Amino acid sequence: MTTVAYGGVQDVLAQVGDALRGRTVIDCVNGIRHPGVTLATGNGPSVARQVADATGAHVVKAFNLCPDDVWRMTPPHFDGRPLTVPICGHDPGALATARTLITDLGCAPADAGGLDRSGLLEATAAFVIGLHISGVDPRSALPRADAFSAGETVEI
Ligand SMILES: NC(=O)c1ccc[n+]([C@@H]2O[C@H](COP(=O)([O-])OP(=O)(O)OC[C@H]3O[C@@H](n4cnc5c(N)ncnc54)[C@H](OP(=O)(O)O)[C@@H]3O)[C@@H](O)[C@H]2O)c1
């Protein structure tokens with residue numbers, strides 16, 4: 001799992017070299033530029049894409065939309081329903097590993113497309129963090145949907 005600050009990602013990738021080729025990497029890094037809460041990646045490749053290209057690893061973007069205190073909840077349920085965790089990736093085995101981690105936490109995995117869509121999750125994180133900083137509950141910006149329950153995998 002990549003859990004370094006965005007500013008350290010390139011340094012770490014340079015040190016890792018070929019060691020991650022073909023292995024599963026779950027990437028939760030958000031490259032957020034302050035002030036203004038914009039994407040440090042700009043219009044370029046997402047962090048997840050950068051990690052995949054630099055390592056040859058099977059990267060899955062996941063766990064980047066909520067702060068760490070949410071992931072410490074046992075389980076992360078809100079208003080009586082499990083947290084939905086969108087994932088983006090291509091490799092079936094890596095996606096299966098991510099889904100298992102998510103269901104083991106009591107959350108509901110949601111397949112959100114291939115790694116080329118990972119930038120959407122990173123942009124969503126910037127949007128959510130911006131709302132939070134502005135004092136707006138990010139959940140108030142999204143309608144409640146009751147389609148998901150723990151253990152189910154849905155496609156977006
Ligand atoms: N915290 C959250 O709630 C949350 C939620 C979703 C996603 N994320 C993402 O998860 C990642 C980790 O979050 P965090 O809050 O733990 O971030 P953080 O405290 O800012 O940094 C995490 C680690 O990055 C390391 N690091 C920074 N520059 C480095 C470099 N040049 N080489 C090697 N290591 C370096 C730091 O190591 P040292 O201590 O040794 O400097 C630190 O242990 C971030 O990318 C963040 O966007 C965080």
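The values are calculated or read from the model by the stated rules, or taken from the named source; none is laboratory data. Just so it is clear, the structure is predicted and the values come from calculations on it, not from any experiment. Ideal geometry is used to build each Cβ from the backbone, glycine not excepted, and the neighbour counts take in all protein chains shown.
What the table shows:
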read-out: Residue tally, condition under 18 Å from the mean Cα position of the chain (by Cα) and either more than 19 Å from N64 (Cα to Cα) or in contact (Cβ under 8 Å) with a residue 24 or more places away in the chain (or both), over the stretch 11-42; value: 15
read-out: Out of G31, G89, sole residue that is within 13 Å of the ligand (Cβ to nearest atom) and touching a Leu at 6+ places or on another chain (Cβ under 7 Å); value: G31
read-out: Candidate set from the stretch 58-88 (those that are aliphatic (A, V, I, L, M) and in contact with an Asp or Glu (Cβ under 9 Å, 6 or more places away or on another chain)); member that is surrounded by the fewest Cβ atoms within 10 Å (Cβ to Cβ); value: I87
read-out: When residues of the stretch 16-28 are limited to those that are modelled with pLDDT of 95 or more and not charged (D, E, K, R), the one farthest from the ligand (Cβ to nearest atom); value: G22
